[in-house]
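Undergrad: One structure, as structure tokens, below. Some questions next.
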Amino acid sequence: MRRFYKNIAVLLLLFFIIDKPIGFLISKGVQLKQFDQRIALICEKKIDPEILIIGSSRALNDLDAAEIEKATNSACYNLGYSGSNLDFHLSVLRIALESELSPTKVLLTIDHSQSFKANNQGIFRNDKLLPYSSYNQVYREICDHANQIYWLGRGFWMYRENDNFFNALNYLKNGQDLPDITSNIDDHGSVILTGRSPKFNVIGEDVGMEPYSKDGEADHLIKSLEEIIEICLARDIQLSLVFPPVLKFRAVGFRERIDELVKRRAEILDFSSLNLEEEYFYDNGHLNKKGATALAVELARKL
Amino acid sequence: MVFNSTAFLFFFPVVVFLYFLLPGRYRWILLLISSYFFYMYWKAVYILLIVLSTLVDYFAGLKMAAISEKKKRRPYLALSILSNLGILFTFKYFNFFAESVNAMLEFFRVAYVMPAVHLLLPIGISFYTFQTMSYSIDVYKGKIKAEKSLGIFALYVTYFPQLVAGPIERSSNLIPQLRGDYPFDYKRVTDGMKLMAWGFFKKVVIADQIAPMVDYLWSDPENFGGFSIVFACYLFAYQVYCDFSGYSDIAIGASKILGIDLMTNFRRPYLAQSLSELWSRWHLSLTTWFRDYLFLPLVRNKNIKWPWQYNVAVIYVLSGVWHGADWTFILWGVITSIIIIASRMMPKTKAFIHRLSGLQRFPRLDRIVQIIITFNIFSILGIYFRSDNLGVSNTLWSRLFTSWIADVQEIITNSESLRGHILYLGYDLIQFSSTIFMIILLEVIQVREERKGDIIDQLNARSTFFRWTVYLSISVLIVLYSFDRSVPFIYFQF
């Protein structure tokens, strides 16, 4: 049996010796592949804004961090991610705070009536976090939402990085990702859209004056909002929930639902009824450059 | 609990450690507790079905053993078989039966709807019910003595390495081993670990990588032409083989570590030269079950005067039904049996075609051609095996002979997105190449094993440097490929 234990120990040792270099190479490869490096920037504390924007594409596209910075004279950075939900926004906030960023204000955009719905188009964007799993604060969030065990990943890099394996190999073949509408970020983390989408007036078909219903709300999404509020309260961060303008008005009563959940613990900045012409919109749900600039002015006034 | 889970990663070493720590006479208690824990980790309440099956078969066995006249044992055999088949029918086949009855009633315009039952299919139900039935039949026939210890019998029913997906063990092989006192044997334990690693490699590095490609085609069958369908059928053949034989290897390896030998379940089926030979190499514990408890009794029964073709058809149709409650599985069994019966009935025609091809002058090429033909037939029949319903399989059959030239043209002309759709089946070049490379590697190893014997024995004969390089490479590949896919073992659904 002694021989058995000895050989197992040798195998584990050899595995441990090659584990780190392979894990490191995968991690480096997949990070170099990303065009959008915002998570790395916050983890390494290369940015430390006073105003931090979190949310989905409405944050990424509608809130022009550079314009807000100019108008408020406070450093502002956008950490919005297209197609993400409240669970993901909470993770981004936690990663930022664990990276010792010290924002005094957090702007969280609200996706209108879809925010709490289980069939929301927004998801937990694990794919945006995975390339940065070498950072412990990111890996913890990944483990909370995927089938990975945190302490096992702390011990074994290959296990921790195995989701990135093929992405890292792809970097060798294709190099860095080309920027697209969701990742072509500017110096302040925003992706400001220009002109008008070919899908203008096509997407967002569920527009109209419909009463908001609590049916289909997912508890975990409400819990995430609750946690964002609690974190901000605990750290004395001023949280503002931002309703960006929409081209056509959506569910009636959703604002009241937000008031009911927030219970005055956060400021609500509602621009959904801001009368902007069609030329300010990229599509039904998102502003273009002109719209984002106009919103930044309005937002700065309220901030 | 499943083998490819982190829970098993901790569960198994703890069981092995305690197993060798305990004196031999207490080990079966540890294995019994571990086996119940293993099953209850998935859904605790379904252990009641196993307990029921255990108690019924245990008492039926004891009663039968106490009766010397075979005829008088029959009621207890019937009790055992009916209770096992009853569990199986209720949980696995009732809804299919109800749907079929409802369709028939609708056809005859009868206004009655048989209600469906909403029950989760207990994993491994087809395996452990068949295992316990074989025990009762063997006791009835007087082939084995009834097990007197309820604990040992309960362990025979639930022995965790083979509980949820086999091999379906015979009591004559497993029960005597459960009482054994096996000292720690370095070679046996390390050979078991190597077999487990090989099983994990097949499951994680091959089967789980193929799964998204196969799902890609089957989720939208109308969007593909013949080339992609045939290619996906080949891939599915490898997926199901690596998935199931991988599970069997892990089960056999885990049991070997504990000193208990389980039966071989696969013998390189894709190197078979005919469909019937393939089935004599595939899922041996089930095929021999059907042979011993159904086919041979049918052949030997003087009251049944069917031609042999009926017996073959019964076996393959029942084998199809065993795999799943759907018309697709029944049709799969019918077509398989037709091919096997036709092949056996026309030896002269086969020999004539063989002569005509001129292949007998090139025996090696002849063997390869036979292997390729057999693999193609088996893979294409996978259309029924993989499709959720007849609608999907009909769509695939109707598209099987379409757009071959256009598909091949798209692959050759450097159109990356269409190539990704038609050939890579949703993957990119790197993932596609790595999957194909692993399949080729598997085949090279299997051919070597076919020629020179057990691959682990071959590995043991190599230099220390070579062996350790293999151990490390396999470990690294398993860890790197075991990312978050959560692909369950295919045979769990059976």
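Undergrad: Return the subset of B:Lys92/B:Lys203; A:Lys6/B:Lys194; A:Lys20/A:Lys45; B:Lys148/B:Lys256; B:Lys71/B:Lys143; B:Lys70/B:Lys141 for which the Cα-Cα distance in this structure is over 19 Å, preserving the input order.
TA: Details: B:Lys92/B:Lys203 25 Å; A:Lys6/B:Lys194 17 Å; A:Lys20/A:Lys45 24 Å; B:Lys148/B:Lys256 25 Å; B:Lys71/B:Lys143 15 Å; B:Lys70/B:Lys141 7 Å.
Violating the 19 Å Cα-Cα cut-off are B:Lys92/B:Lys203; A:Lys20/A:Lys45; B:Lys148/B:Lys256.
Undergrad: If you don't mind, another one. At a 10 angstrom cut-off on C-beta neighbours, averaged per residue, how do the peptides B:350-357, B:224-231, A:296-303, B:399-406 rank from highest to lowest?
TA: Working: B:350-357: 11.5, B:224-231: 20.8, A:296-303: 16.8, B:399-406: 14.4.
Result, highest mean first: B:224-231, A:296-303, B:399-406, B:350-357.
Undergrad: Say each of B:Ala351 and B:Arg448 gets a label point 7 Å from the Cα, pointing the same way as Cα to Cβ; how far apart are those two points in nm?
TA: 3.9
Undergrad: Here is a further query. Using Cα centres only, tell me the gap between the stretch A:51-95 and the stretch B:202-277 in whole Å.
TA: 47
Undergrad: From other protein chains only, count the Cβ atoms within 10 Å of every residue's Cβ in A:11-24, then give the mean.
TA: On the way: counts 5, 1, 0, 5, 5, 0, 1, 3, 3, 0, 0, 3, 2, 0.
Whole-number average of other-chain Cβ neighbours for A:11-24 is 2.
Undergrad: Averaged over peptide A:161-170, how many Cβ atoms belonging to another chain are found within 10 Å of each residue's Cβ?
TA: Details: counts 3, 7, 5, 2, 7, 9, 2, 1, 6, 4.
Per residue, the number of nearby Cβ atoms from other chains is 5 on average.
Undergrad: Choose one of B:Phe94, B:Asn84, B:Leu62: the residue whose Cα lies farthest towards the positive end of the charge dipole of the stretch B:49-97 (beta-carbon charges +1 Lys, Arg; -1 Asp, Glu; about the Cα centre).
TA: Ranked along the dipole, the leading option is B:Leu62.
Undergrad: Distance between the C-alpha centers of the stretch B:357-420 and the stretch A:147-162? Whole Å please.
TA: A separation of 40 Å, based on Cα centres.
Undergrad: Related question: Given an 8 Å cut-off on Cα distances and at least 6 residues of separation, report the relative contact order of chain B as a percent. Working shown, then result.
TA: Numbers: 586 pairs, mean separation 87.3, N = 494.
Result for chain B is 18 percent.
Undergrad: Before rounding to the nearest 500, sum -39500 (n - 2.57) across all DSSP H runs of length at least 4 in chain B and divide by the residue total; then give [θ] at 222 nm in deg cm²/dmol. Show your work: numbers first, answer last.
TA: Working: 24 runs with 336 residues, N = 494.
Taken over chain B, the calculation gives -22000 deg cm²/dmol.
Undergrad: Sticking with this one: Can you list the aspartates and glutamates whose alpha carbon is less than 20 Å from that of A:Lys173, not counting same-chain residues fewer than 8 positions off?
TA: Candidates past the 8-residue exclusion: A:Asp36, A:Asp127, A:Glu161, A:Asp163, B:Glu416, B:Asp428.
Undergrad: Still on this structure, I have one more. Take every Cα pair under 8 Å in the stretch B:290-444 that's 6+ residues apart, average their separations, divide by the length, and report that relative contact order as a whole percent. Display every interim value, and only then the final one.
TA: On the way: 81 pairs, mean separation 22.9, N = 155.
About 15 percent, as a whole number.
Undergrad: Calculate the FRET efficiency for B:Phe107 and B:Leu294 from the Cβ-Cβ distance with a Förster distance of 30 Å, rounded to the nearest 0.05. Can you show the working numbers first?
TA: Working: r = 31 Å, r/R0 = 1.05.
So the FRET efficiency works out to roughly 0.45.
Undergrad: A further question follows. Within 10 Å, count the other beta carbons around each residue, average over each peptide in B:94-104, A:101-111, B:452-462, and list them highest first. Walk me through the numbers on the way to the answer.
TA: Details: B:94-104: 14.5, A:101-111: 21.6, B:452-462: 12.8.
Packing proxy ranking, top to bottom: A:101-111, B:94-104, B:452-462.
Undergrad: So, one more: Through the Karplus equation 6.51 cos²θ - 1.76 cosθ + 1.60, θ set to phi - 60°, convert the phi angles of the stretch A:10-22 into ³J(HN,Hα) values in whole Hz; use x for Gly and Pro.
TA: Taking θ as phi minus 60°, the curve returns 5, 4, 5, 5, 4, 4, 5, 5, 8, 5, 5, x, 5 Hz for the stretch A:10-22.
Undergrad: Normalised by the number of residues in chain A, what is the relative contact order in percent for Cα pairs under 8 Å and 6+ residues apart?
TA: Details: 518 pairs, mean separation 77.0, N = 303.
Averaging sequence separation for qualifying contacts and normalising by length gives 25 percent for chain A.
Undergrad: Let me ask you something else. Could you sort B:195-206, B:384-395 so that the peptide with the highest average Cβ count within 10 Å comes first and the rest follow in order?
TA: Final packing ranking: B:195-206, B:384-395.
Undergrad: Is there a simple number for the mean count of other chain Cβ atoms within 10 Å of the Cβ of residues in B:190-200, and what is it?
TA: Numbers: counts 4, 0, 0, 3, 0, 0, 0, 0, 0, 0, 0.
Partner-chain Cβ atoms within 10 Å, mean over residues of B:190-200: 1.
Undergrad: What angle, in degrees between 0 and 90 and rounded to the nearest 10, separates the Cα long axis of helix A:86-98 from the longest principal axis of the Cα atoms of chain A?
TA: So the helix axis and the longest Cα principal axis differ by about 60 degrees.
Undergrad: Can you bin the protein assembly as shown into rounded, prolate or oblate? Criterion: square roots of the alpha carbon gyration tensor eigenvalues sorted a ≥ b ≥ c, rounded for a/c under 1.5, prolate for a/b above b/c, oblate for the rest.
TA: Numbers: a/c = 1.86, a/b = 1.76, b/c = 1.05.
Prolate, since a/c reaches 1.5 and a/b exceeds b/c.
Here, each number is a calculation from the coordinates, and none is a lab measurement. As the structure is a computational prediction, the values presented were derived from the model and not from experiment. Here the Cβ is made from the backbone with ideal geometry for all residues, glycine too, and neighbour counts use every protein chain on show.
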